[in-house]
Structures are given as C-alpha cells and as structure tokens.
Amino acid sequence: MRQHFDSPSKQHLKTIRVILDERFNKSACLDLESSLIRLLAGDGAYRVLNRNDGITEGDYYDRELYRRTFRDVFEQLRIDGVFTRSIPEIENSDLFKLSPFKALTPDQAIAVEDIFNGLFEDLKSDTDSTIVIQGEPGTGKTVVAIYMLKLLVDIAGTARAEGFDSDTMFADFFVPENRVLLAGLRIGLVVPQQSLRESIKKVFRKTPGLNPSMVMTAFDIGNSDENFDLLIVDESHRLNQRANQPSGVQNKNFSDIIKKLFGADDTSKTQLDWIHTKSTHQIYLLDAEQSVRPADIPFEVLRGLAEDARSRHRHYPLATQMRVQAGSNYVAYVRNMLGSSEDLKPMLSTETLEGYDFRMFDSVADMRSEVLRREEETGLSRLLAGFAWPWNSKFDKTAFDIEVEGQRFRWNSTQKDWIASANSINEVGSIHTVQGYDLNYAGVIIGPDLRYDAIEGRLYVDRDSYFDKKGKENNAVLGKTYTDGDLLRFVRNIYAVLLTRGIRGTFVYVCDPALREYLRGFIPSAN
C-alpha cells in the first residue's frame, strides 16, 4: 500500500479492498492480481493505473484449484459493483483481447526482454536498429506490439519514488537511466488495416499513458513533418508497395510522399521504405503468408527483411498458439490442406485437433444454425466468407449479396470493428474485417473462387468468381501482371486466415462440389 501511496498518480484513490485467503501463497497472489488487472482493463468501467512490468503466464502447484477460487473472488467483487459484466462478456470484448495487460507466453516474454535489452543498448550508443517478430496466426503478434508500447510508456513515465516488486519479469528496466533514455522519444504504432486500427484506438482511449494518436497509418507516417525514434509496425505484411490505391487522392498522396522523402518519384519505393526513412528504430511484426492482395508488400521483400534481421540476431519467432484451442500444428495443418499438389496430405489425428470443434457441413443452413446456437452459448460466433460475391448491399441496403442453397446473406455493413457491431451476427464478414481478430466460433463459407480439379489433383482459382477488385488488379505502375497462380496464392492465404479465427471451433461449408469432396479427407463431417 505504501508503494501505491507514494505514487502521485494515485493520491486521489480513497478505497482499499483486501482479499484474504489462508491458502494463498505468493504465486497465487501474483496470479490473482494479474487476473484481476486483465479483467478490470477488459471490463472498461475503471481506468487501470498499474504499470506493465511483467505479467506473464506462470505455472505453480495446484494452479487450477486456486483459479476456481478466483472465480468466487470475481463474483463477490461484481456483487460489490467493482465489475459491471461477467467474465465471458469481458473476455469477448476488444478491451480484453487487445489490452496491454495481457499475460505473455514464455516465448513472447523472452522476445520482449531481449528486444528491450538491445533497444536500450542501441539508444545508449545512438545506433539504428531493425527488429522482426515473426509468427503464424494466433501467436499474439498484436498483443506483443501493444504490450511493448505500454511498457515503454510506463518505463518513461514512472517516478523514481515508486517501488517495484523484484519478482516481476521486467522490473529491471524501470531504472532512472532508462527513463532518461526514453525522455522525449517519439514512438508510434502503425496498423495498416482500418478495422483493427480503430479497435486498438478504442483500447488506447481507456488506458493511462496511451493515446489514440499513437495509432497511425503508413500515410500518417509519410506525411508527418517530424521523424520518429521508434515505430512498431503490426501486420507488416499488409503494408503497400506502389500500386493503384482505392482513390485518386491516395494515388497522389503515395507519389507525393515518395517525392518528399526521396527527392523524386521512385516507383520501387514501398511503405516499408517510408517507415525506414522516417524512424531510427523499427520493430516489424509479420507473417508473409497473410498477404492477401497484390498491393501488399511482396513475399520476397518480407522474406529478405526477416533474413536480414536473423543475420543480425534481431529476429524473434513466436510459436505458442494463443488463439486456436487445437493442437500446435493446426495452423500448419490448415495451410497444408490448402497447399499445392506437391504437399503431403496429412492424416487427421486426435493430436492435431485435441477436442477442437472442426467440422464440414453439407448444408449452409445447418452451419448458419450452428453458428447462431454457439452465439447463444458463448457469444463471438460469426459467419465469414471469401470475397466470392459482389458487395451489392454497399449501395443498396435492401439488397442481398450472397445466395447459397436458397440462403441469403449480406456482407458486413461496416468496416470498422464489425465483429462487435450490433448486426454482425446476421451478416458475413470478409477478410478485411476479421484479419487480426479472434472469434469463439467461425463459420467459413469457401466460395466458388476456390475450386478443385479432380483429374489433375490440384486446387485452382476461378478468377470470374473473385470479386475483390483490388485483390486481382494488375499493377500498371510497376508493369506487373498477376497470373491465376499469383491469384491462387492470395486466395489460399485469405482462406487460411479465415479458417484460423476460431478459438473453440471452425465450421466449413464449401461451394465447389469437387473441392468439397477433396476436403472431406481433411475435415471431419458434421453429419
């Protein structure tokens, strides 16, 4: 309590609640504390003033027994008015999922510790740095990005008088010399996708020390009159190369930024080059196999970025699966399932799925009913689809977009924070509204854009059934023509992302009959 009373930012607090249990030891107390911090941040009724000095997932004797007691503690606090929502409601919210108070996995914590050791050394020696964090879907790249930003803000803003618990993992970074090194540094978080960017801004509005203005686009960086000391770039694979932008204004803006930064219009320059030029230190979080449009940074450029970081010992792989409650090989299994004919066909095993609800439906109506049932049970259950139907309802709100077996659906009515929007359970989300997000259950419609040739034994793309104009547009600026093979890679990546959104389960309906038969060898039948 004395530590708290010594902090100027906590002088206004008037109430103390003490939780006592004769069975508690220090490990249990620290675990309960971190659980309550995460839940309070996710509930959003109060502003959490705690520092980010090392909440990590720790194991200890009888942990599950203690955690059952935590539920009783939570319910008593909720009765007392400390919490306004139930644990499932909190855990389904963006405030919880994107909170900087998330507990890190061991590989995340090791990466953050090593990155910070190197970053402070670079700041002392005035040396530039480029760091790459690489991980498959569900390994928590966005969590790490937000966590690091909050940790830096806390180190920079913590008064010398405030005490520290030496048991927390990152307590050693809270020293006066690091505070001096961070003084006045300009730090930003770059998020290419509009929907995810808006969700993160919402979290930053609720978090002391963080501000929505810290969350930016690559265009914001390029247009800024000031340089940045550190830029953390989430979903770096969604940065753009030079290509036809969604509007003429953005095309001109792209060109103007290149002229401003490099003296002349150079079509070889990408948004990656903007960020390198405008910042001294960069931390890129990426997964090259989540590129979904031709305008995205090319695969070979991302691979080169990762290899260069690896050669300088600044490359950090994330492996622990935080989202999908299946075996650790589930993401690889899905990618292999959508892979080329040269890939070995994996056998289904209980180890691969480990109780995960992964099923193929022969009826889209049945899958829709199952998603609705799961929404009633757990919430956060949505229908998703590949961009295999035009977006008619964008201009005519009475129109339907998708019709399959007499079932009619509309695309997402908003691009910002669609998953949490009021009518999302009655709509279908596209790749552009769900990349970077979690669901409890995902019902994925694989449209007629992806097909299977049973004679040749290969997947192929039906270009005429793919309706994302920017997803198949040739690049006239760079003189690039995208073949059906190129398009197939993007479409495969899209479905791999959609099929790895579900925490507890993924349901699949396939439009192309031949592809449906082929995928029966990979996905258990709902029948």
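The values are calculated or read from the model by the stated rules, or taken from the named source; none is laboratory data. Predicted, not measured: the structure shown is a model, and the values here were computed from it. Cβ atoms come from the backbone with ideal geometry, glycine included; neighbour counts cover every protein chain shown. We work out accessible area using only protein heavy atoms, side chains counted, and drop any ligands, DNA or RNA first. Shrake-Rupley method; radii C 1.70, N 1.55, O 1.52, S 1.80 Å.
A few remarks follow.
- Residues satisfying the stated conditions in the range 401-420, i.e. among the small types (Gly, Ala, Ser) and more than 14 Å from Ser381 (Cβ to Cβ): Gly406, Ser413
- Of all residues in the range 1-19, those that are closer than 24 Å to Phe70 by Cα have Cβ atoms under 8 Å from Cβ atoms of residues that are open to solvent by 100 Å² or more (accessible area, probe 1.4 Å) and in a loop (DSSP other than H, G, I, E, B), 6 or more apart or on another chain, in Ile16/Met1.
- Condition broken by Ala442, with the remaining ones in (1) within 25 Å of Ser236 (Cβ to Cβ); (2) in contact with a Gly (Cβ under 6 Å, 6 or more places away or on another chain); (3) open to solvent by 10 Å² or more (accessible area, probe 1.4 Å) satisfied: (3)
- Some residue of the range 54-67 being part of a helix (DSSP H, G or I), touching a Phe, Trp or Tyr at 6+ places or on another chain (Cβ under 8 Å) and surrounded by fewer than 19 Cβ atoms within 10 Å (Cβ to Cβ): no
- Strands (runs of 3 or more DSSP E) within the range 364-418 that include 1 or more residues surrounded by 15 or more Cβ atoms within 10 Å (Cβ to Cβ) and hydroxyl-bearing (Ser, Thr, Tyr): 381-385
- Any hit, the range 288-303, residues being part of a strand (DSSP E or B) and either open to solvent by 10 Å² or more (accessible area, probe 1.4 Å) or in contact with a Ser or Thr (Cβ under 9 Å, 6 or more places away or on another chain) (or both): no
- Test: residue in the range 74-85 that is aromatic (Phe, Trp, Tyr) and under 23 Å from the mean Cα position of the chain (by Cα): no
- Some residue of the range 201-213 being among the β-branched types (Val, Ile, Thr) and either within 28 Å of Val434 (Cα to Cα) or in contact (Cβ under 8 Å) with a residue 40 or more places away in the chain (or both): yes
- Lone qualifier among Ala319, Ala306 - being in contact with a helix residue (DSSP H, G or I) (Cβ under 9 Å, 6 or more places away or on another chain) and either modelled with pLDDT of 95 or more or open to solvent by less than 20 Å² (accessible area, probe 1.4 Å) (or both): Ala306
- Screening the candidates Asp362, Asp265 for the property of being at pLDDT 90 or above, more than 25 Å from the chain's Cα centre (by Cα), within 30 Å of Tyr452 (Cβ to Cβ) and of a type outside the set (A, V, I, L, M, F, W, C) yields one hit, Asp362.
- Selection status of Ile187, surrounded by fewer than 21 Cβ atoms within 10 Å (Cβ to Cβ) and either farther than 16 Å from Lys416 by Cβ or hydroxyl-bearing (Ser, Thr, Tyr) (or both): yes
- Residue identified as hydrophobic (A, V, I, L, M, F, W, C) and within 22 Å of Met214 (Cα to Cα) among Val82, Val153, Val175: Val153
- Only residues that are loosely packed, with under 15 Cβ neighbours inside 10 Å and either part of a loop (DSSP other than H, G, I, E, B) or modelled with pLDDT under 85 (or both) were counted in the range 25-48, giving 4.
- Test: residue in the range 112-134 that is open to solvent by 10 Å² or more (accessible area, probe 1.4 Å), aliphatic (A, V, I, L, M) and under 30 Å from Ser291 (Cα atoms): no
Every residue, every condition in (1) part of a helix (DSSP H, G or I); (2) within 25 Å of Arg303 (Cα to Cα); (3) touching a residue at least 12 places away in the same chain (Cβ under 8 Å), yes or no:
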{"residue": "Gln76", "(1), (2), (3)": "yes, no, no"}
{"residue": "Pro88", "(1), (2), (3)": "yes, no, yes"}
{"residue": "Lys124", "(1), (2), (3)": "yes, no, yes"}
{"residue": "Thr127", "(1), (2), (3)": "no, yes, no"}
{"residue": "Thr130", "(1), (2), (3)": "no, yes, yes"}
{"residue": "Ile146", "(1), (2), (3)": "yes, yes, yes"}
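- Given (1) within 20 Å of Ala319 (Cα to Cα); (2) free of Cβ contacts under 8 Å to residues at least 60 places away in the same chain, index of the condition Asp114 fails: (2)
- Put simply, of Thr414, Thr506 the only residue that is closer than 25 Å to Gly339 by Cα and among the polar types (S, T, N, Q) is Thr506.
- Condition met for Leu487 (in contact (Cβ under 8 Å) with a residue 24 or more places away in the chain and over 28 Å from the mean Cα position of the chain (by Cα)): no
- Residues located in the range 304-337, provided they are of a type in the set (Lys, Arg) and part of a loop (DSSP other than H, G, I, E, B): Arg312, Arg314, Arg323
- Identity of the residue in the range 491-525, among the aliphatic types (A, V, I, L, M) and over 17 Å from the mean Cα position of the chain (by Cα), that ends up surrounded by the fewest Cβ atoms within 10 Å (Cβ to Cβ): Ala514
- Residues satisfying the stated conditions in the range 437-453, i.e. among the hydroxyl-bearing types (Ser, Thr, Tyr) and closer than 15 Å to Tyr518 by Cβ: Tyr452
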